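Quick notes on the structure that follows.
Taken together, the values in this text are just the output of simple stated rules run on the coordinates, not laboratory data. No experiment lies behind these values; they were computed from the predicted model shown. Don't worry about glycine lacking a Cβ; one is built from the backbone with ideal geometry, like all the others, and counts go over all protein chains shown.
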Amino acid sequence: MRDEDPVDHKNEKTNTVPFGIVPKKDEKEIMNMDKIMELAADLGKLIKEDARIKRMEVATEAYKNDADLQYKMAEYNVQTIALTEEYKKPEKDMEVIHAIETRINSLYDEIASLPVMIEYNAAQEAVNAFMNCVNEEISFQITGERAGESGCTHDCSTCRGCH
């Protein structure tokens, strides 16, 4: 071994590196990683400026600040815990269980019909479809294969599963 080479920790039979020991990276590999991380940061910044992301930020803020929604969600969570506790009891009171289930279903319907929740869900779906398209394109550039039969059309409204 030459003086400038690090100790070779590879298993000679399997040519693998033991867990926890990272082989020395060459200068080109480090430069590639730096470039990839730089491009990833630029891509992240560009994505953050997309209208779908902006819409999601606005919807998230409205979701967090809607007192009626937050109250109903808190009650929904309390009712769900109460139902779980009721089911744990050896002597289950089916009338109580039915009353709690009815209230949970009612709260779910109320929450789902609130305009702020409808917008939040729609914005989330748009972001998910957009990010799926971005990820599919990155995967295509790496593998040369499009996911599924239709692949990404670069029009996120056409992505599978969003409509």
Inset, instruction - Would you tally the net charge around Tyr87, using a Cβ to Cβ cut-off of less than 12 Å, leaving Tyr87 out, and scoring K and R as +1, D and E as -1? - result: -2
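How would you order 74-85, 129-140, 38-49 from highest to lowest mean count of nearby Cβ atoms within 10 Å?
Taking the mean over residues of other Cβ atoms within 10 Å, the ranking is 129-140, 74-85, 38-49.
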